[in-house]
1. Any chance you could check the Cα centroid distance between the stretch 1-59 and the stretch 77-113 for me, in angstrom?
2. Given R₀ = 30 Å, what would the calculated FRET efficiency be for K114 paired with M35, taking r from the Cβ atoms and rounding to 0.05?
3. Go through 83-89, 18-24, 37-43 and give me the packing order, highest mean Cβ count within 10 Å leading.
4. Which of these values of Rg and Dmax of the Cα atoms in Å was calculated from the structure shown: [x] 21.0, 71; [y] 17.5, 55; [z] 15.8, 60?
5. Taking R0 as 30 Å, what FRET efficiency do you get between A43 and D19 from their Cβ-Cβ distance, rounded to the nearest 0.05?
6. Write down the accessible area per residue of the stretch 63-106 in Å², having rolled a 1.4 Å probe over the full set of protein chains.
7. Can you list the aspartates and glutamates whose alpha carbon sits under 17 Å from that of K61, skipping same-chain ones fewer than 8 residues off?
8. Taking the Cβ of A124 as the center, what net charge do the other residues with Cβ under 9 Å away carry, scoring Lys and Arg +1 and Asp and Glu -1?
Amino acid sequence: MANLGNFNANEVEPGGSFDPLPAGKYLVCLTASQMKPTQRGDASYLELEFVVLEGQHKDRKIWDRLCLDHPNPQTVKIARGSLSSLCRAAGVLQPRDSTELHNIPVVASIGLRKRADTGELTNAVRGYEPKSATPVTAQPAPANSSAPPWKR
């Protein structure tokens, strides 16, 4: 049992759906990144957290995982290619740290895939393009805003 204090559901909007986003292109901004070990502990991946900047799904989060350190060279090659795509889209070609890619709007192509463990649909990043590419799912961001890109 947990004490909920003075919580009143009448005063709080219900949470939104966690259904996956429809496949398409979204204007997003990288807001967090971290190297994490795999479950087996024999590799590590760069976890990237993006926020959708505009449109119907504004403020929803999307994650990508890039296995930059893995015993399978093909896995590393694919991850490095995805990182290169993100760097080119962001205009940061030689980052020393993943934080250099934060807060730069890019277009992410989002698809759907079935999870192997549950069979449920989940989002998967299929690629990145520069912001100058026209997003299919999102609306143009307002120009010259002083707010951070994910708040525009």
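The values are calculated or read from the model by the stated rules, or taken from the named source; none is laboratory data. These numbers were taken from a predicted model, which means no experiment stands behind them. Note that each Cβ is placed from the backbone with ideal geometry, even for glycine, and that neighbours are counted across all protein chains shown. Each accessible area value is taken on the protein alone, full model and side chains, heavy atoms only, with ligands, DNA and RNA left out. Shrake-Rupley method; radii C 1.70, N 1.55, O 1.52, S 1.80 Å.
1. After rounding, the separation between the Cα centres reads 18 Å.
2. Working: r = 27 Å, r/R0 = 0.89.
So, using R0 = 30 Å, E works out to roughly 0.65.
3. Highest-to-lowest ranking by the protection proxy: 83-89, 18-24, 37-43.
4. So the structure-derived entry is [y].
5. 0.50
6. On the way: 2850 Å² over 44 residues.
In whole numbers, the stretch 63-106 has 65 Å² accessible per residue.
7. D19, E47, E49
8. Values: positive: R113, R126; negative: D64.
That works out to +1.
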